[in-house]
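Just below is one structure, and these are the notes that go with it.
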Amino acid sequence: MLSLGFGGLIVFIIAASLIALMQLDHVRTDDARIRRAFLTRLESLEQIRSQIYLSGTYIRDYLLSPDPSGAAAQRERLAQIENQTRTMLNTYAQQLDTAEGEAFGALQAEIDDYWRVLQTTFQWSPAERERLRYAFFYEQLVPRRTTMLQIADAIAGINERGLNRAEAQLGRSAGNLRESLLATFGIACIGGLALALATIALTLRLERELERRFEESVQARADLQQLSAKLVRAQEDERRSLARELHDEIGQALSGILMEAGNAETARDPLDLRDRLRAISAIAERTLNQVRDLALLLRPSMLDDFGLLPALNWQAREVSKRTGLNIAVEADAACDDLPDEHRTCIYRAAQEAMNNAARHAQARSVRVIVRRESGKVRFSVQDDGCGFDARYTRGLGLLGMEERVRRLGGALIIESQPGRGATISAELPVAAIEPAATYADSHTAG
């Protein structure tokens, strides 16, 4: 999420920068274009003014020149000036502003009339030129030239006002660009601040999560060390118990068999021999039962031979016979197809939970449920005993159950409160199996 936020902010800044550069380049281009057009029109007007002044000088010299060859030279210069003036007018017309149209049309009309009036002087005879030149100069030439110059000045004023309007428009564009940059800067600052706050919040959350995981790891290590120590003690206790059982029960029984066998060898009465043999048979039968009980206590063979459900039912019957608990077992038939590790884990967890309910919970009834679902198996053991505080109570049996479940990738959940019984449940991941018929086998003992 943070990477998307930072990436989006960077993309926004880059896009805003590109747009701002484009706008700035557009402003610069418009400014250069406007100034270039203004200078070109101003230069054209200045040249037109200059040509008009120069034409007045040439026409004056033409009217005052008594030499016909000199008059011809003046006429040629005037023709060149006329061509240059019309060229300047065409150049100006190509860059004409809308506001200058009327004034420029009036200037062009005055200039056309001006040159048309000048053309009439070329048709005068020397006598007419001598007689009419002063009146023409002061009554025609000077007023027309003054009018044209005034129109040119008006066009220059319009041109200057157009430049001012263009500069004002450029100023507004620059202002818009400045506002856009300020808005971009503000959005970038707000986005950066939001991302910084989000980063800080995420960092703090990750730090808390890391601390929690570290505490869990430390607690798990401590639990593992405690479990290891308790397992060593339990192993020694189990060995001591087995040794005591073998010595006290099995050993005594075998000694009794040896003694009875020795007595049978010396017996001479058939009745006495038969009694000795019966005693040996009874001791051997009792010893066989004791060995079978020990073997079943270590690992019931029916878990391997018949499956999980029969083993749970047998364990429920044995606990019921010893304690008087009312135990119900409900399991799916598909649970017998579970891997060996899963069956062993569920059986040992249920065995430990039944024994805990009998020894510590003062329960009257226990319910064992095993359900196979897609890709997992759930099991739970519920009792109606006195309950306990699951936050502080962690005996060897519960730690062993947790370790078994965790090793298979599951999690053990303990729900209990004082006076409200206890529920121990877990969910183990397991590969999918073919669907089988599901049934509930309830076994009640007591």
**OP:** Amide H neighbours of residue 329 under 5 Å, at least 5 residues apart or on other chains, H built in the peptide plane: list them.
**Re:** 368, 443
Original post:
Given H placed on each backbone N at 1.01 Å, which residues far from residue 365 in sequence or on other chains put an amide H within less than 5 Å of it?
Top reply: 326, 384
Original post:
So for the pair residue 273, residue 415, with labels modelled 7 Å out along Cα→Cβ, what separation do we get in nm?
Top reply: 7.0
Subject >> Where labels lie 7 Å past Cα in the beta-carbon direction, separation of residue 210 and residue 83 in nm >> reply: 8.9
**OP:** Report the full-extension gain for the segment residue 40 to residue 263: residue separation times 0.36 nm, less the Cα-Cα distance, to one decimal in nm.
**Re:** 65.7 nm
Original post:
Once Lys and Arg get +1 and Asp and Glu get -1 on their Cβ, which of 344, 401, 320 lies farthest toward the positive end of the dipole of segment 306-429?
Top reply: 320
Subject >> Simple label model, 7 Å out from Cα along Cβ direction - residue 233 to residue 10, nm >> reply: 5.8
**OP:** Give the whole-number value, in cubic angstrom per residue, of the convex hull volume spanned by the C-alpha atoms of segment 306-429.
**Re:** 90
Subject >> Most to least packed among 133-144, 194-205, 38-49 [average Cβ atoms within 10 Å] >> reply: 38-49, 133-144, 194-205
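Each reported figure results from applying straightforward, stated rules to the coordinates on display, with no laboratory input. Since we're looking at a predicted model, the values are computed, not measured. Please note: Cβ atoms are built from the backbone with ideal geometry, for glycine as well, and neighbour counts cover all protein chains shown.
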